[in-house]
Every structure is written in C-alpha cells, then in structure tokens.
Amino acid sequence: MLHQQQIRDAVNKPGLKERRFFHPVLDTFVRDYSHVQRYSCQDVTVIKLVVYWRAGDTWYLVGEAKDVPL
C-alpha cells in the first residue's frame, strides 16, 4: 500500500491517504510498537501518541515491567 501511494504521489494522482484507507495502516504500526514497548519498560509506563493528520488519531501505549527475557 505504501509503495502504491509513492507512485501516486509521483504522478499527481489521488491516493490512499484518505482516513478509511490509511488509518488502519497507522493503527497496525502503533499496535506493533506496543508489543515491543512491553519488553523494554522498567516500571508501568504510559505513552500517549497523537498523530495530527486527517488519518491520525490518539493512541495510548501501556507497558508494565515483566521478567521476560528478550
């Protein structure tokens, strides 16, 4: 999807930056980051991630310290 958008940008065609298409991509990236975050915090940690854009949103990533090997 991202490569298709780069081609559309290069030829000045409307693309997939509409919220209904791009928001799920951002949401997936944020959810993947929360998986990484839970292993790297030493205490309870809350990160507020705000994307100010038409496809943006607000996400809260909550991590708790765990004795899990990397």
Discussion item. What are the pairs with Cβ atoms under 9 angstrom where one residue, in region 45-68, is closer than 16 Å to H23 by Cβ and of a type in the set (K, R) and the other, located anywhere, is open to solvent by 60 Å² or more (accessible area, probe 1.4 Å) and modelled with pLDDT under 90? Sequence gap at least six, or different chains.
Written reply: R54/K17; R54/E18; R54/R19
Worksheet, complete the sentence: By residue number, the members of region 2-17 that are exposed (fewer than 13 other Cβ atoms within 10 Å of the Cβ) and hydrophobic (A, V, I, L, M, F, W, C) are L2, I7, A10, V11
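The values are calculated or read from the model by the stated rules, or taken from the named source; none is laboratory data. From a predicted model like this one, the values you see are computed outputs, not experimental measurements. No Cβ is skipped: glycine too gets one built from the backbone with ideal geometry, and neighbour counts run over all protein chains shown. Calculation scope for accessible area: heavy atoms of the full protein, side chains included, ligands and nucleic acids excluded. Shrake-Rupley method; radii C 1.70, N 1.55, O 1.52, S 1.80 Å.
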